[in-house]
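The values are calculated or read from the model by the stated rules, or taken from the named source; none is laboratory data. Computed from a prediction, not measured in an experiment: that's the story for all the values here. Here the Cβ positions follow ideal geometry from the backbone for every residue, glycine too, while neighbour counts run over all protein chains shown.
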Amino acid sequence: MTPEPGTLACTAAGGLIVHVEAERCRIAPDDTRALVFSGRPAPVVRERVRRTNGTVTGEVTIEGHAALNPAGRAVVIRTREGAWIVPFASFRRVASGEAASAPLLPLAPEVGL
């Protein structure tokens, strides 16, 4: 069995975690609902926590976005590391809590663009 290139998982608050290789990003609950119910693209954010001289600081950065593909049958997640695709039915099941996780499949780069 080969390892999955990435995983989409749900959180207790209703958001999603996009786990690709060693990177963990999140999609907020409100953005997840907007993507599922109205097809609006959702930002994919990453939270970084740093400790400097005993002081904990953090920042949230937008690493990419998740959007429906033109046919509306899959969700494409694009980040700085690359692009992945998950069927919309699987995305919806994870977002609603019916499934704990779904595999992300790497999206082949478009040639000539």
- Quick one: is THR61 hydroxyl-bearing (Ser, Thr, Tyr) and under 11 Å from the mean Cα position of the chain (by Cα)? no
- Query: In the set VAL111, VAL94, which member is of a type in the set (A, V, I, L, M, F, W, C) and at pLDDT 95 or above?
  - Reply: VAL94
- Item | Residue in the stretch 52-77 that is modelled with the lowest pLDDT, counting only those that are in contact with an Asp or Glu (Cβ under 9 Å, 6 or more places away or on another chain) and charged (D, E, K, R) | GLU59
- Message: Among the residues of the stretch 12-53, what is the count of those that are among the β-branched types (Val, Ile, Thr), assigned to a strand (DSSP E or B) and in contact (Cβ under 8 Å) with a residue 60 or more places away in the chain?
- Response: 2
- Message: Being touching a strand residue (DSSP E or B) at 6+ places or on another chain (Cβ under 7 Å), farther than 18 Å from ALA9 by Cβ and modelled with pLDDT under 90 is the requirement here; does GLU47 meet it?
- Response: no
- Item | Selected residue (criterion: farthest from ILE27 (Cα to Cα)) from residues of the stretch 59-94 that are free of Cβ contacts under 8 Å to residues at least 40 places away in the same chain and assigned to a helix (DSSP H, G or I) | ALA89
- Query: Filtering the stretch 43-67 down to residues that are of a type in the set (Val, Ile, Thr) and under 23 Å from VAL20 (Cα atoms), which residue is surrounded by the fewest Cβ atoms within 10 Å (Cβ to Cβ)?
  - Reply: VAL49
- Could you list, in sequence order, the residues of the stretch 68-86 that are within 17 Å of VAL20 (Cα to Cα) and exposed (fewer than 15 other Cβ atoms within 10 Å of the Cβ)? ARG80, GLU81
- Message: Quick test of your reading of the structure: GLY39 fulfils all but one of (1) surrounded by 13 or more Cβ atoms within 10 Å (Cβ to Cβ); (2) in contact with a Leu (Cβ under 7 Å, 6 or more places away or on another chain). Name the failing condition by number.
- Response: (1)
